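Q: Okay, handing you the structure first.
The values are calculated or read from the model by the stated rules, or taken from the named source; none is laboratory data. The structure presented is a predicted model; accordingly, all values stated were derived computationally and were not measured. As a convention, Cβ positions derive from the backbone with ideal geometry for all residues, glycine included, and neighbour counts pool all protein chains shown.
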Amino acid sequence: MAETDIVIEICGSSGEGTISAGEILARHMSGLGFEILSFDSYPSEIRGFGKCVAHCRISNKKIMSPGKYTDILIALNDIHSISQLSSMKEDGIIIYDSKPPSFHEEDKSIAGWIEPGITAYGIPFYNLAQKATGNSRNRNIVALGALAALFGINDNGFKASIKQRYASKKRSIIESNLNSFAEGFNWTKNNITKLDNLFFEKPEPGKTALKRLMMSGNQAFAQGALDSNLYLYAGYPITPATKIMEILAKELPKRGGIMIQTEDELSAIGNVIGAGFAGKRAMTATSGPGFCLMTELSGLSVMAEVPAVIVNSQRGGPSTGLPTKTEQSDLNLALAGGSGDSQRIILAPADIKECYKCACLAFYLAEKFQTLVVVLLDFFLSNSIRNIKAPEKPDKKMLNANLAPSQDEINDYKRFKVTKNGISPRSIPGTAGGMFIATGLEHDEKGKPSYTAEAHKKMSDKRYRKLSGVLKEIPHPEWIGPKKNIKIGILTWGSTAGAAHEATLKAGEMGIRAAFMQPMLISPFPVKQIKEFSDQCEIILVPELNYEGQFAGYIAKYLERPIKRLNMITGLPMSAEDILDEICRIAG
Amino acid sequence: MQKKDHYVIIGNGPAGNKAAEIFRENDKNARVTIISDEGFPFYYRHKLFDFLSGKITDDSLQVKKYLDYKKNNIRLRLGQTVTKIDPANRILFLKHMEKIGYTNLILATGGTRSIIPSLAGFEKYFSFMTSYNEALALKPVLDGIKKAIVIGGDLISIKFIKMLINMGKDVSFFLCKEGFWPIELTGKMSENIASRMEKEKIRTILDDYPVNIVQTGAGYEIITEKGKKIKGDIIFYFTGLKPDIAFIKGSGIDTAKGVLVDKYLKTNYKNIYACGDCAQIYNPEFKDYWISTGWENATLQGETAALNLLGEHKIIKPVPQKILEVEGIKVNTSWWKEIQE
């Protein structure tokens with residue numbers, strides 16, 4: 001079977017339906033059985049200007065990263081699309097509006113920049129949308145019609161997907177979209193001679209029958225939280241985490257839960273710790289600027305040993321930074337943000353499936369280890385969409401991990417009892433005899449404030465000791481590639497892992513002995529497994545999306561060896577091609 | 001800061017490329033742009049048959065690689081069609097709705113296919129071999145063709161027919177006297193050519209003429225004036241070229257068969273020159289216009305037009321007579337349809 005691995009970008013201005021068109025395309029192709037990885041890039045301004053790009057990789061093989069170079073660019077807006085030309089393949093294809101309503105000034109028309117090798121199809125989007133609907137609003141759907149006609153995608157199936165997308169809308173809206181699609185499809189069929197050889201090969205038989213869910217990282221995390229019996233969400237909206245709040249605002253009340261939009265992030269984490277203290281599973285989601293504010297109070301979760309879950313979906317920083325651009329630059333903040341020695345659990349999922357898994361783990365670990373759990377997503381991971389198999393729901397053990405005190409323990413209740421594994425029996429307010437003092441001050445075993453060196457040492461030991469148990473709860477990171485005599489070992493974290501994994505496999509195909517490992521658990525760090533991996537590698541390469549190499553710096557203290565860094569801060573996810581180039585450069 | 005001059009050349013053949021080269025050599029700061037409606041970079045048109053038959057790849061077909069233009073800071077706009085010129089405001093309008101300003105303009109659009117008026121209604125049934133795109137489209141279907149019909153004929157069509165014969169195709173050849181190019185055949189010449197073609201087992205129809213063409217399944221049937229029916233899988237059409245100037249008409253630039261220019265290749269606008277197959281050049285000696293054909297002439301005219309636009313006063317002279325050989329018959333040709341048998 002011929003391989004299909006095609007990257008499509010739809011580029012337009014805010015309000016032109018760019019993202020909607022990308023979503024319809026991704027869902028339809030997923031329904032046909034293709035692997036999908038889509039990712040939208042849009043301006044932080046709401047509407048009226050600014051570039052939007054819907055990026056979608058469609059393949060009939062397993063894919064792990066969004067793909068760096070574009071095969072097909074659909075230009076809904078010429079000026080914005082010109083800036084996308086640099087990421088096109090040399091033999092790529094452009095579909096553009098051949099008859100916009102007015103003339104472009106010199107060099108502001110995408111058709112004027114088409115280089116030899118590129119195949120360009122001019123389709124009168126504007127005129128066809130006018131014909132179909134009486135206005136130009138459906139140029140995006142006309143473009144999808146043209147795309148279907150050019151690359152052999154069945155039009156009836158596509159129309160069904162469009163109908164489904166607008167099912168909740170008025171009939172006239174559904175019809176105008178269907179008419180626009182038909183205009184684009186039929187005009188292209190009748191007027192365009194195909195000059196390229198690109199077609200969507202059908203996926204393996206049976207793949208279409210697979211039950212797949214289209215999910216973004218934020219959706220997967222929110223679903224994982226709901227399936228983990230989340231009771232309270234408190235938060236203040238911020239890109240790129242807001243979607244989690246929107247989903248939970250809708251879903252939590254249906255399940256008897258609560259969603260509170262607080263006045264600021266400090267209040268949000270206060271609510272979460274309060275609910276956690278009361279024995280309810282609670283979380284907040286924010287981004288770097290909001291996480292900074294939360295650090296003022298998040299230490300209380302560590303000191304008072306109260307379960308709390310914070311999602312930090314990272315974006316470009318510092319300060320308000322780049323709200324709609326992706327980056328992995330809050331690692332240092334997550335590791336050390338806050339006062340004192342406040343070790344916490346940090347999880348960093350690599351993909352959509354792991355977002356769900358990390359949600360379930362976060363609540364379990366927070367409850368079991370009675371502390372703060374920070375989950376690091378990023379703009380790309382939060383917003384990228386994949387079609388995944390339905391994830392496995394958390395089992396009973398994961399849904400109730402609180403170590404309740406025994407009757408004997410209640411008789412002389414010590415909330416912060418020093419135990420061998422560092423975990424103390426925790427009574428929920430209202431438990432008869434289970435009263436204790438909860439405080440952010442250092443304390444003794446009963447919670448009574450105590451500032452002695454002995455108490456501080458004993459309690460600090462206990463708080464650190466209990467976290468070593470976390471390592472037993474998380475599966476060991478998977479080792480991809482050869483086990484010995486490795487030329488280049490790639491270690492990375494979070495959403496860069498997909499690209500690194502793909503680059504490692506490609507390097508292997510090229511005869512380079514490369515291997516790859518990505519720990520989902522960042523803190524406490526799985527030193528043993530990572531060190532075993534490192535010991536087999538001649539060179540360690542750490543690709544990540546920040547300026548100074550925060551993860552490389554973090555692991556250096558454990559590995560005690562030179563580490564090569566590959567850092568990018570383009571606002572876009574790192575691609576497999578970027579990492580492969582670096583592997584090849586190092587391998588010579 | 002003074003705005004840079006923008007030299008725009010419409011046409012990516014030998015005349016246009018030579019002009020671009022001259023502009024770049026003589027004005028390092030100016031913007032130089034070539035616009036061509038063909039999507040393929042500057043290529044040897046006479047090698048299209050070799051490309052079609054698979055003797056050469058498209059790499060060998062190209063005269064200049066795209067990177068050469070980049071290196072020389074020449075903007076190459078391929079696959080872009082100029083639909084209108086506004087000489088008063090020095091603006092070009094492109095089919096994809098872009099306006100391009102210029103300070104100086106060279107028209108080097110070359111020739112486009114010419115169809116005998118009585119057969120124009122059947123154009124949709126014809127396959128042409130005048131451009132890279134046409135050759136590219138024919139490439140995958142050529143193997144499946146068993147019987148080909150060739151109408152008209154020009155100097156290169158005879159080479160094409162021989163290629164088809166070498167590929168084992170059955171060929172019927174309508175030799176149209178009025179459609180031969182760049183010369184008009186006399187009766188004697190036609191007979192000689194037909195006789196030589198027949199010797200090579202090419203069925204040549206000389207005194208009969210297509211009056212109707214119908215599609216028959218996957219092929220075609222030509223009905224002739226004398227009632228003959230000739231069937232084929234494909235009909236190739238060759239009756240030469242005519243200056244490609246349709247988009248210039250109505251702009252205010254003087255045209256007749258081609259773009260009318262003086263002996264310096266200047267049009268009636270001081271900043272617009274024309275050269276190559278599209279230019280109709282005034283000869284003060286004969287007090288008439290002439291059009292030349294051929295690679296060398298086009299290159300010379302491209303150079304002359306560009307230098308004159310830059311301030312020189314070079315006069316272009318009628319090209320010397322050139323002897324062409326068609327199936328062993330020698331013909332002299334220098335001017336547009338000037339024949340010396």
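Q: Scan the stretch B:59-80 and report the pairs whose first residue is within 12 Å of another protein chain (Cβ to nearest Cβ) and whose second residue is among the basic types (Lys, Arg) and in a helix (DSSP H, G or I), with Cβ atoms within less than 9 Å and a gap of 6+ or a chain change.
A: Hits for this filter: B:76/B:70.
Q: Moving on to the next point. Could you grab me the full set of residues in the stretch A:387-409 that are farther than 30 Å from residue A:38 by Cα and surrounded by fewer than 12 Cβ atoms within 10 Å (Cβ to Cβ)? Break it down into steps so the answer makes sense when it comes.
A: Looking only at the stretch A:387-409, we keep the residues that are farther than 30 Å from residue A:38 by Cα, and these are A:395-409.
Hits for the stretch A:387-409 are A:395, A:396, A:397, A:406, A:407, A:408.
Q: When residues of the stretch A:104-150 are filtered for being buried (at least 20 other Cβ atoms within 10 Å of the Cβ) and assigned to a loop (DSSP other than H, G, I, E, B), how many remain?
A: 5
Q: Can you pull out the residues in the stretch B:192-208 that are free of Cβ contacts under 8 Å to residues at least 60 places away in the same chain and of a type outside the set (A, V, I, L, M)?
A: Initial filter on the stretch B:192-208 (free of Cβ contacts under 8 Å to residues at least 60 places away in the same chain): B:194-195, B:198-208.
Correct list: B:195, B:198, B:199, B:200, B:201, B:203, B:204, B:207, B:208.
Q: Here is a follow-up. Please find, among A:482, A:477, A:391, A:429, the residue that is assigned to a loop (DSSP other than H, G, I, E, B) and out of contact with any strand residue (DSSP E or B) (no Cβ under 9 Å at 6 or more places or on another chain).
A: A:429 is the lone residue from the list that is assigned to a loop (DSSP other than H, G, I, E, B) and out of contact with any strand residue (DSSP E or B) (no Cβ under 9 Å at 6 or more places or on another chain).
Q: List the helices (runs of 4 or more DSSP H) inside the stretch A:501-588, counting only whole elements, that have at least 1 residues being closer than 22 Å to residue A:315 by Cβ. It would help to see each step written out before you state the result.
A: Values: elements: A:527-535, A:550-559, A:576-587.
Passing ranges, in order: A:550-559, A:576-587.
Q: Here are some residues: A:361, A:377, A:365. Which one is part of a strand (DSSP E or B), touching a residue at least 12 places away in the same chain (Cβ under 8 Å) and either under 10 Å from the mean Cα position of the chain (by Cα) or buried (at least 24 other Cβ atoms within 10 Å of the Cβ) (or both)? It would help to see each step written out before you state the result.
A: Values: A:361 fails: part of a strand (DSSP E or B); A:365 fails: part of a strand (DSSP E or B).
When all the criteria are applied, what remains is A:377.
Q: To continue, here is another question. Does residue A:60 fit the bill of being within 14 Å of another protein chain (Cβ to nearest Cβ) and of a type outside the set (D, E, K, R)? Step through it out loud before you land on a result.
A: On the way: within 14 Å of another protein chain (Cβ to nearest Cβ): no; of a type outside the set (D, E, K, R): yes.
Criteria not met by residue A:60.
Q: Looking at the structure I just gave you, is residue B:22 within 19 Å of residue B:265 (Cα to Cα), at pLDDT 95 or above and within 14 Å of chain A (Cβ to nearest Cβ)?
A: no
Q: Restricting the search to the stretch A:502-532, which residues are aromatic (Phe, Trp, Tyr) and crowded, with 23+ Cβ neighbours inside 10 Å?
A: Within the stretch A:502-532, the first condition is being aromatic (Phe, Trp, Tyr), and the residues that meet it are A:516, A:525.
Answer for the stretch A:502-532, where residues must be aromatic (Phe, Trp, Tyr) and crowded, with 23+ Cβ neighbours inside 10 Å: just A:516.
Q: What are the residues in the stretch B:1-19 that are assigned to a loop (DSSP other than H, G, I, E, B) and surrounded by fewer than 24 Cβ atoms within 10 Å (Cβ to Cβ), if any? It would help to see each step written out before you state the result.
A: First, the residues of the stretch B:1-19 that are assigned to a loop (DSSP other than H, G, I, E, B): B:1-5, B:11-13.
The answer is B:1, B:2, B:3, B:4, B:5.
Q: Of these, A:362, A:366, which one is touching a Pro at 6+ places or on another chain (Cβ under 7 Å), assigned by TED's automatic domain parsing to the domain that holds residue A:243 and at pLDDT 95 or above? Explain how you work it out, then say what you get.
A: Numbers: A:362 fails: touching a Pro at 6+ places or on another chain (Cβ under 7 Å).
Of the residues listed, the single one that is touching a Pro at 6+ places or on another chain (Cβ under 7 Å), assigned by TED's automatic domain parsing to the domain that holds residue A:243 and at pLDDT 95 or above is A:366.
Q: Also: Mind checking whether some residue in the stretch A:473-489 is outside the structural domain of residue A:349 (by TED's automatic domain parsing), free of Cβ contacts under 8 Å to residues at least 12 places away in the same chain and among the basic types (Lys, Arg)?
A: The answer is no, given that none of the residues of the stretch A:473-489 is outside the structural domain of residue A:349 (by TED's automatic domain parsing), free of Cβ contacts under 8 Å to residues at least 12 places away in the same chain and among the basic types (Lys, Arg).
Q: Does residue B:22 satisfy the condition of being in contact with a helix residue (DSSP H, G or I) (Cβ under 6 Å, 6 or more places away or on another chain) and either in contact (Cβ under 8 Å) with a residue 60 or more places away in the chain or in a helix (DSSP H, G or I) (or both)? Reasoning before the result, please.
A: Details: in contact with a helix residue (DSSP H, G or I) (Cβ under 6 Å, 6 or more places away or on another chain): yes; either in contact (Cβ under 8 Å) with a residue 60 or more places away in the chain or in a helix (DSSP H, G or I) (or both): yes.
Criteria met by residue B:22.
Q: Also: Quick check on my filter: what residues within the stretch A:116-138 are closer than 20 Å to residue B:132 by Cα and either more than 12 Å from chain B (Cβ to nearest Cβ) or in contact (Cβ under 8 Å) with a residue 24 or more places away in the chain (or both)? Give the steps one after another, and end with the answer.
A: Step one: filter the stretch A:116-138 for residues closer than 20 Å to residue B:132 by Cα, giving A:116-122.
Once the filter is applied, which keeps residues that are closer than 20 Å to residue B:132 by Cα and either more than 12 Å from chain B (Cβ to nearest Cβ) or in contact (Cβ under 8 Å) with a residue 24 or more places away in the chain (or both), the stretch A:116-138 yields A:117, A:118, A:119, A:120, A:121, A:122.
Q: Keeping to the stretch A:105-114, report how many residues are within 7 Å of another protein chain (Cβ to nearest Cβ) and closer than 15 Å to residue A:73 by Cβ.
A: Qualifying residue count for the region: 4.
Q: Something else: What number goes with the only condition from (1) of a type in the set (Phe, Trp, Tyr); (2) free of Cβ contacts under 8 Å to residues at least 60 places away in the same chain; (3) not in a strand (DSSP E or B) that residue A:158 does not pass?
A: That leaves (2) as the condition not met.
Q: I would also like to ask the following. Give B:68, B:50, B:59 a once-over and let me know the one that is loosely packed, with under 14 Cβ neighbours inside 10 Å and not in a strand (DSSP E or B). Full working, then the answer.
A: Values: B:68 fails: loosely packed, with under 14 Cβ neighbours inside 10 Å; B:50 fails: loosely packed, with under 14 Cβ neighbours inside 10 Å.
From the options B:68, B:50, B:59, the qualifying one is B:59.
Q: Consider residue B:112 against the criteria (1) assigned to a strand (DSSP E or B); (2) under 16 Å from residue B:12 (Cα atoms); (3) within 11 Å of chain A (Cβ to nearest Cβ): it satisfies all of them except one. Which criterion is unmet?
A: The number of the failed condition is (3).
Q: Could you list, in sequence order, all residues of the stretch A:536-553 that are crowded, with 19+ Cβ neighbours inside 10 Å and among the aromatic types (Phe, Trp, Tyr)?
A: A:551
Q: Would you point out the residue of the stretch B:86-104, among those that are under 19 Å from residue B:19 (Cβ atoms) and more than 14 Å from every other protein chain (Cβ to nearest Cβ), that is surrounded by the most Cβ atoms within 10 Å (Cβ to Cβ)? Reasoning before the result, please.
A: Initial filter on the stretch B:86-104 (under 19 Å from residue B:19 (Cβ atoms)): B:87, B:90, B:92, B:100-104.
Now drop any that are not more than 14 Å from every other protein chain (Cβ to nearest Cβ), which leaves B:87, B:104.
Values: B:87: 19, B:104: 24.
Among those that are under 19 Å from residue B:19 (Cβ atoms) and more than 14 Å from every other protein chain (Cβ to nearest Cβ), it is B:104.
Q: Out of B:269, B:237, report the one residue that is in contact with a strand residue (DSSP E or B) (Cβ under 9 Å, 6 or more places away or on another chain) and buried (at least 23 other Cβ atoms within 10 Å of the Cβ). Spell out how you get there, then give the answer.
A: Values: B:269 fails: buried (at least 23 other Cβ atoms within 10 Å of the Cβ).
From the options B:269, B:237, the qualifying one is B:237.
Q: Sticking with this structure for a sec: Among the numbered conditions (1) surrounded by fewer than 23 Cβ atoms within 10 Å (Cβ to Cβ); (2) outside any helix (DSSP H, G or I), tell me where residue B:303 comes up short.
A: Going through (1) surrounded by fewer than 23 Cβ atoms within 10 Å (Cβ to Cβ); (2) outside any helix (DSSP H, G or I) one by one, residue B:303 breaks only (2).
Q: Just name the residue that is farthest from the chain's Cα centre (by Cα) out of those in the stretch A:68-90 that are assigned to a strand (DSSP E or B) and either within 12 Å of chain B (Cβ to nearest Cβ) or surrounded by fewer than 24 Cβ atoms within 10 Å (Cβ to Cβ) (or both). Before the answer, list the steps.
A: Keep residues of the stretch A:68-90 that are assigned to a strand (DSSP E or B), which gives A:70-75, A:88-90.
Restricting the remaining residues to those that are either within 12 Å of chain B (Cβ to nearest Cβ) or surrounded by fewer than 24 Cβ atoms within 10 Å (Cβ to Cβ) (or both) gives A:71, A:75, A:88-90.
Values: A:71: 24, A:75: 26, A:88: 24, A:89: 26, A:90: 30 Å.
Among those that are assigned to a strand (DSSP E or B) and either within 12 Å of chain B (Cβ to nearest Cβ) or surrounded by fewer than 24 Cβ atoms within 10 Å (Cβ to Cβ) (or both), it is A:90.
Q: Would you tally the residues in the stretch A:451-479 being crowded, with 18+ Cβ neighbours inside 10 Å and more than 21 Å from residue A:358 (Cα to Cα)?
A: Here the count works out to 3.
Q: Does the stretch B:115-139 hold any residues that are in a helix (DSSP H, G or I) and within 14 Å of chain A (Cβ to nearest Cβ), and which are they? Outline the logic, then answer.
A: Applying the first criterion (in a helix (DSSP H, G or I)) to the stretch B:115-139 yields B:117-125, B:132-139.
Selection gives B:124, B:132, B:133, B:134, B:135, B:136, B:137, B:138, B:139.
Q: State yes or no: is residue B:288 surrounded by fewer than 18 Cβ atoms within 10 Å (Cβ to Cβ) and over 22 Å from residue B:125 (Cβ atoms)? Write out each step before concluding.
A: Numbers: surrounded by fewer than 18 Cβ atoms within 10 Å (Cβ to Cβ): yes; over 22 Å from residue B:125 (Cβ atoms): yes.
Taking the combined requirement at face value, the residue satisfies it.
Q: Pairs please, first residue from the stretch A:91-104 and more than 7 Å from every other protein chain (Cβ to nearest Cβ), second anywhere and in a loop (DSSP other than H, G, I, E, B) and surrounded by fewer than 20 Cβ atoms within 10 Å (Cβ to Cβ), Cβ atoms under 7 Å, 6+ apart in sequence or on different chains.
A: Pairs found: A:91/A:117; A:93/A:196; A:93/A:198.
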